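A short write-up of the structure that comes next.
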Amino acid sequence: MGIYGRKKRLIEEDSNNIFWTTMSDLLLGLAIIFMTLFILAMSGFTQENVKIQQQQLAASKELAQNFKQNQIDVDVDQLTGNVKISDIQLLEVGSYTLSDKGKKFLDKFVPIYINTIFNNPVIADNIENIIIQGHTDSQMFKDAKTPNEQFSKNMFLSLQRAYAVQDYMLKTKYNKNYDPKLRKLVIVEGRSFSEPVLNDSGKEDLDKSRRVELKLRVKGKNLSEVFGFNFGAN
């Protein structure tokens, strides 16, 4: 075979390689698209889910803005609308009794929180639950003799703290037209010290671990849940 023939053969082989490489990339891309659509279809992800998630994001940002404008110091997750409130703002030291400061705080906080949420019909119609969740730090009770006893005592304390917030919440001056729906949605939970807040070094931040959280559980799934990610979770 002459030089011309060898060059022609090499060109044809390169062309074939390029063709098969291009086809492989195309097939891989189609396979990824098909798998993505299949997962979304199987998980029930729809345009309505997208709309709900967009509205939840908008409501979360509105909550954060309203709290800031009214000089209410809380930690708002702007992806989910979950709110963390330090026990220092709410409770007597080492107690589940609301302080006078805590009652004044809730008098300002609750109307903004409830009115903002229920004023958005897309969010209001798709809330499964409003969870009021109490948390403690992991410090030992003096009379706790075992880790399980320690956990149980903190569970009781965290639950009572959450209940104190829920009980007072219903006494504040939000739009009372929301009462029937609110009573159906509210859940009170205690988490003991099972979800501590960690500092930058990975150690428990005792002050931040003692808190009450308000969490919105919204119908439908978002992309992070579908694919097993955990963006913006609290």
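The values are calculated or read from the model by the stated rules, or taken from the named source; none is laboratory data. All figures in this text were calculated on a predicted structure; none of them were measured in a lab. Cβ coordinates were reconstructed from backbone atoms using ideal geometry, including for glycine residues, and neighbour counts include every protein chain displayed.
Annotations
- Scoring Ala124 on the criteria (1) free of Cβ contacts under 8 Å to residues at least 60 places away in the same chain; (2) among the aliphatic types (A, V, I, L, M); (3) within 25 Å of Ser86 (Cα to Cα) leaves a single failure, condition (3).
- One residue alone among Phe151, Phe193, Phe141, Phe118 is in contact with a helix residue (DSSP H, G or I) (Cβ under 8 Å, 6 or more places away or on another chain), aromatic (Phe, Trp, Tyr), surrounded by 15 or more Cβ atoms within 10 Å (Cβ to Cβ) and free of Cβ contacts under 8 Å to residues at least 60 places away in the same chain, and that residue is Phe193.
- Per-region count, segment 94-110, residues crowded, with 19+ Cβ neighbours inside 10 Å and small (Gly, Ala, Ser): 1
- Residues (outside any loop (DSSP other than H, G, I, E, B), charged (D, E, K, R) and either at pLDDT 95 or above or under 22 Å from Glu128 (Cα atoms) (or both)) located in segment 162-210: Asp167, Lys176, Asp179, Lys181, Arg183, Lys184, Glu189
- Taken as a whole, the condition of being buried (at least 18 other Cβ atoms within 10 Å of the Cβ) and not in a loop (DSSP other than H, G, I, E, B) applies to Tyr113.
- When Lys142 is tested against the conditions (1) closer than 15 Å to Leu214 by Cα; (2) of a type outside the set (A, V, I, L, M, F, W, C); (3) not in a helix (DSSP H, G or I), the lone failure is (1).
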